[in-house]
1. Filter the range 51-69 for residues that are open to solvent by 50 Å² or more (accessible area, probe 1.4 Å) and either touching a helix residue (DSSP H, G or I) at 6+ places or on another chain (Cβ under 8 Å) or part of a helix (DSSP H, G or I) (or both) and give the result.
2. Among the numbered criteria (1) exposed (fewer than 14 other Cβ atoms within 10 Å of the Cβ); (2) of a type in the set (A, V, I, L, M, F, W, C); (3) closer than 20 Å to residue 118 by Cβ; (4) modelled with pLDDT of 95 or more, which single criterion is violated by residue 89?
3. Going through the range 29-50 one residue at a time, which ones are open to solvent by less than 20 Å² (accessible area, probe 1.4 Å) and over 30 Å from residue 183 (Cα atoms)?
4. Residue pairs, Cβ under 8 Å, 6 or more apart or interchain, first in the range 33-61 and of a type in the set (D, E, K, R), second part of a strand (DSSP E or B) and loosely packed, with under 13 Cβ neighbours inside 10 Å. List them.
5. Which members of the range 70-86 meet the condition of being surrounded by fewer than 15 Cβ atoms within 10 Å (Cβ to Cβ) and β-branched (Val, Ile, Thr)?
6. Kindly provide the set of residues from the range 2-19 that are without any contact (Cβ under 8 Å) to a residue 24 or more places away in the chain and open to solvent by less than 80 Å² (accessible area, probe 1.4 Å), ordered by number.
7. Mind checking which residues of the range 132-160 are in contact with a strand residue (DSSP E or B) (Cβ under 9 Å, 6 or more places away or on another chain), open to solvent by 30 Å² or more (accessible area, probe 1.4 Å) and modelled with pLDDT of 85 or more?
Amino acid sequence: MLHPETQEVMERYPEIYEILKHCPYEVLREWEFYQYEQGTLICQQGEVQERLFIVVEGLLDIYILAENGRKYTQAVYRRGDIVGELEIFEGKPFVSNVEALTKIKLIGLPRDLFLKWIELDHHFTLYLLRKVTRLFYDLSQKAGEDKLYSLYHRICRHLLSHVEGRRQNGEEIRVVMDKQKLSQQLAVTPRSINRVLQELKQKGILELDSHTLRVKDIEKLRKEEKLSKYD
């Protein structure tokens, strides 16, 4: 019998319905629900996980932890994102840690049923192929930027991604910035980030507070981002 919560999730969230709409009934009835508190490590780097997950509610931090303790965030997953599809085919260990950034709700499926689902549901197979292709594209783009472009350029680009499309109306635009999380995303130290922010401040582009910054001159920031791309 189909779990009532599975039916409710499919009706409530179009992203989940799109994934499960052609799932065979013998697989659909086997989905299980999981809830975790913020900060819970759900999948650990180097360990084998025999279950596929789909995010229903909340945010997940996907990151690699180096031997020296440095943390490198690869992506943030949200509703509709699939966790473990890369490792589960051959039962390989997770290449990343998966940690709850917020309270999180997932649905999970054992490996044997996941493989059966792929075999029987061509709609899902195509959906999964597109997801994996987009994932590799995004990761390749991020890795290329991390290798090829300076930290100065990447921070300028990060700031622009938060202010583009927002009307300035002659006022400064405030941006909330968690320097620790940004350092994990860019794989650099907070001190390196502070050094770039101070340089932008000296150029009259930013004003800095403890947890927020104010973009004073968007056009100048755009110019700095373009020029630094070729440094």
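The values are calculated or read from the model by the stated rules, or taken from the named source; none is laboratory data. From a predicted model like this one, the values you see are computed outputs, not experimental measurements. Glycine also receives a Cβ, built like all others from the backbone with ideal geometry; neighbour counts cover every protein chain displayed. Protein only, heavy atoms only, side chains kept; ligands, DNA and RNA dropped before computing areas. Shrake-Rupley method; radii C 1.70, N 1.55, O 1.52, S 1.80 Å.
1. Listed by number, the list holds a single entry, 51.
2. With (1) exposed (fewer than 14 other Cβ atoms within 10 Å of the Cβ); (2) of a type in the set (A, V, I, L, M, F, W, C); (3) closer than 20 Å to residue 118 by Cβ; (4) modelled with pLDDT of 95 or more applied to residue 89, the lone miss is (4).
3. Across the range 29-50, the qualifying residue is only 31.
4. Short answer, once both residue conditions are applied: 47/93.
5. 76
6. Across the range 2-19, the qualifying residues are 7, 10.
7. Hits for the range 132-160: nothing passes.
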